Every structure is written in structure tokens, then in C-alpha cells.
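Worksheet for the structure shown next.
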Amino acid sequence: MSVDLLRHSDVKVRLRERGSSLTRIANQLGVLQSTVTVVSQGYRRSHRIEAAIAGALGVTPQELFPERYSAQEGHAAD
């Protein structure tokens, strides 16, 4: 697992610019905000949370978290 706190900070800023937040995503998914945070930071994996964060930013999970998705997974999701 690759922890990336710089990307996490960037994600928070980009979400804020779009009128969203990690807390809002957590509420929409019915999970704790801390759960979304640890996924965004890279301490844990959740395809569902990664997809929600990426969707809120208008990108795919593979674009936002490329190191978390193998080339095969990326093609399977297309």
C-alpha cells in the first residue's frame, strides 16, 4: 500500500473547489469520515470509496489512484 499524503491534501482542496468534501462523501456512503480519510491517504483500500472520491472529482479511480490499479483492473473497469 502506498501512502500519499500530498495527494490526499490535493484531493481535499479539489473536493472543496467542487463544493464537496470527504465528510460529504462519507455521509453519502454511510461510513465514518475517518474511513474515507484513510482510503484517501492510502492506508486502506476500498473500491467503493475510491470510486466515490474519484466520481466527485470527475475522474476515474484509475486516474486518481493509478498505483492502486493494475493495468488489467483498469481495462476490466472500462
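The values are calculated or read from the model by the stated rules, or taken from the named source; none is laboratory data. Nothing here was measured: the structure is a model prediction, and the numbers come from that model. Reconstructed Cβ throughout: ideal geometry from the backbone, glycine too, with neighbour counts over all protein chains shown. Ligands, DNA and RNA are excluded from the accessible area calculation, which covers all protein heavy atoms including side chains. Shrake-Rupley method; radii C 1.70, N 1.55, O 1.52, S 1.80 Å.
Per residue, the chain exposes 60 Å² of accessible surface when a 1.4 Å probe is rolled over the protein heavy atoms with every protein chain present.
Ordering Q28, A51, M1 by Cα displacement along the dipole of the chain toward the positive end leaves Q28 in first place; charges were set at the Cβ atoms of Lys, Arg (+1) and Asp, Glu (-1). Summing +1 for each Lys or Arg and -1 for each Asp or Glu among the other residues whose beta-carbon sits under 11 angstrom from that of V38 gives +2. For helix 5-17, report the angle its Cα long axis makes with the longest principal axis of the Cα atoms of the chain; keep it between 0 and 90° and round to the nearest 10°. Orientation of helix 5-17: about 60 degrees from the principal axis.
Once the Cα-Cα distance is subtracted from the 0.36 nm per residue extended length, the L29 to E63 segment shows a gain of 10.1 nm.
Principal axis extents of the C-alpha atoms in the chain (largest first, rounded to whole Å): 32, 23, 22. Once C-alpha pairs closer than 8 Å and six or more residues apart are averaged by separation and normalised to the residue number of the chain, the relative contact order reads 28 percent. Each Lys and Arg Cβ is given +1 and each Asp and Glu Cβ -1; about its Cα centre, the chain then shows a dipole of about 340 debye.
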